[in-house]
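Worksheet: the structure to be examined is printed underneath.
Derivation of every value follows stated rules applied to the coordinates shown; laboratory data play no part. The shown structure was predicted, so the numbers you read here are calculated from the model rather than taken from an experiment. Backbone-built Cβ (ideal geometry, glycine too); neighbour counts: all protein chains shown.
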Amino acid sequence: MRITAIETLYLAGGITVHAGPIQWLWVRIHTEDGLYGLGETYPHPASEEAIIHSRLAPRLLGQDAGRIEGLWASMFDAVSYSGWAGAEMRAISAVDTALWDLKGKALGVPVYELLGGATRDRIRTYNTCYDHISFLDEPVRLAESLLESGIRAMKIWPFDPVAKITGGNYITPEQIREGIRPLRLIKEKFGDSMEVAMEFHGYWNLPCAMQMARACEPYSPMWLEEMLGQDNMAAYRELASSTPLPLTISERLMTAWQYRELLAGGAARVVMPDVAWCGGLTQAKKIADMGAVHYLPVAPHNCGGPVLHAATMHLAAAVPNLYIAESVRRHYADEYTPIVGPLDAPQDGFFDLPRGPGLGLDLLPAVLERGDLVRRRTA
Ligand SMILES: [Mg+2]
């Protein structure tokens with residue numbers, strides 16, 4: 001199964017999603033058998049495309065596509081000396097995901113079978129609330145609407161507007177009360193029926209994070225996500241020691257080596273790799289397994305494009321230590337459809353096991369015909 005061509009594709013005009021236009025980069029790895037595998041990363045396609053064609057393609061062309069671990073090591077070698085924790089690792093993530101898809105297609109099995117087989121019959125999910133209903137304005141109506149579709153866990157980021165005002169440098173008692181309001185209203189109305197994860201996007205300093213964590217404690221959120229940036233694990237340990245609530249960081253760490261440092265520090269209670277950023281399924285599986293060794297669950301980050309969504313579901317099907325998988329109702333119900341066609345929605349808060357072969361989805365012909373398609377091929 002020799003690799004004959006590496007192709008990248010993205011839409012210059014982007015796809016309009018909840019937060020505005022976004023550009024997902026897709027990579028297709030072609031082989032002499034006429035098969036191809038599909039991978040994805042984001043959000044800077046021109047940079048990721050450049051790395052794929054200039055640095056990774058020479059390591060891939062002519063090689064056996066089935067030797068995924070060996071190709072990962074070779075790709076890492078091609079970029080590691082000049083620094084890899086950016087577009088380089090996102091590019092590797094997309095190629096690696098495509099290689100798993102390709103291998104699944106070649107063997108006629110879903111990718112989760114290659115990862116060791118399913119460890120569950122269905123995948124529990126929470127909704128990240130980029131919804132038509134605002135969690136700031138109508139938190140109770142939003143929670144109610146999720147409960148009506150069987151979803152019993154949700155993620156919100158109500159402190160972000162305050163961070164925009166104060167730069168994350170201070171927070172007043174009034175702002176804490178305002179930030180906590182959606183969490184308080186949801187928990188007062190629905191109690192244990194709806195779990196709520198709190199996301200902070202790394203906007204805050206340590207004393208603010210400690211104050212907000214204390215304010216969240218009476219409402220027992222599922223976790224507190226990325227209260228600080230991810231670059232100072234000592235600060236995270238101090239934050240973790242100040243609150244009984246579980247912390248998670250997060251999708252911006254890359255490779256098993258960066259997660260090793262996180263886990264060794266004991267600050268995170270939930271492990272949250274993004275398959276499209278952390279080094280693909282090859283690294284995500286190792287990261288999940290390292291979490292298991294530390295008696296920690298994994299809750300994979302899944303807030304990108306449709307191929308990431310599929311890859312995340314295969315990972316979630318396979319890893320024994322899954323906590324819960326992220327998904328965005330607006331994505332699978334609506335925004336992914338013009339790209340890959342209709343996808344499964346969760347039933348009673350659970351996704352069915354993904355189908356194969358491979359990742360089990362492909363770009364629609366209409367995507368390839370779009371006038372703003374940027375397509376580049378190295379053979
Ligand atoms: Mg996050």
Within the chain, helix-based [θ] at 222 nm, where runs of 4 or more DSSP H residues each add -39,500 (n - 2.57), nearest 500:
-11500 deg cm²/dmol
Calculate how steeply helix 206-216 sits against the longest principal axis of the alpha-carbon atoms of the chain, using the helix alpha-carbon long axis, and give the answer as 0 to 90 degrees to the nearest 10.
70
Computed about the Cα centre, the charge dipole of the chain from +1 Lys/Arg and -1 Asp/Glu charges at the Cβ has a magnitude in debye, to the nearest 20, of 380
Please identify, among Glu238, Glu113, Glu225, the residue showing maximal mean-square fluctuation in a Gaussian network model of the chain using a 10 angstrom Cα cutoff.
Glu238
Along segment 322-334, what does the Karplus equation 6.51 cos²θ - 1.76 cosθ + 1.60 (θ = phi - 60°) give for ³J(HN,Hα), rounded to whole Hz, x for Gly and Pro?
5, 8, 6, 9, 6, 8, 10, 3, 5, 5, 6, 7, 8
Note on segment 1-118: contact order normalised by length, alpha-carbon pairs under 8 Å, 6 or more apart, percent, works out to 29
Once you have the Cα-Cα distance between Arg370 and Tyr130, take 0.36 nm times their residue separation minus that, and quote the gain in nm to one decimal.
83.8 nm
Relative to the first principal axis of the alpha-carbon coordinates of the chain, what is the inclination of helix 306-318, with its axis defined by its Cα atoms, in degrees from 0 to 90 and to the nearest 10?
80
Rounded to the nearest 10 degrees, the helix 173-190 long axis (Cα) sits at an angle to the longest Cα principal axis of the chain of 80
Length released on extending from Thr16 to Ala292, taking residue separation times 0.36 nm less the Cα-Cα span
95.6 nm
Give the relative contact order (percent, whole number) for segment 201-349; include only Cα pairs under 8 Å separated by 6+ residues.
16
Two-site label geometry, Val140 and Ala73: point separation in nm, points 7 Å out along Cα→Cβ
5.9
For the chain, what's the relative contact order in percent, using C-alpha pairs closer than 8 Å and at least 6 residues apart?
22
When DSSP assigns beta bridges and you keep just the ones with both residues in the chain, what percent turn out antiparallel, to the nearest 5?
60
Note, ³J(HN,Hα) from phi for segment 350-364, Karplus 6.51, -1.76, 1.60, rounded to Hz, x at Gly and Pro:
10, 7, 5, 4, x, 9, x, x, x, 6, x, 8, 8, 5, 6
Taking a virtual spin label 7 Å from the Cα of Leu185 along the C-beta vector, which residues in segment 135-156 bring their backbone nitrogen under 20 Å of it?
135-149, 151-156
Counting only residues 5 or more apart in sequence or on a different chain, those whose built amide H sits under 5 Å from that of Gly349 are Ile151
Using only Cα positions of the chain, each an equal point scatterer, no hydration layer, compute I(q)/I(0) via Debye at q = 0.06, 0.07, 0.09, 0.13 Å⁻¹ and quote the log10 values to two decimals.
-0.22, -0.30, -0.50, -1.05
In nm, the gap between the two label points placed 7 Å beyond Cα toward Cβ at Ala5 and Trp257 is 3.5
What are the lysines whose alpha-carbon lies under 22 Å from the alpha-carbon of Lys189, with same-chain residues fewer than 8 places away excluded?
Lys155
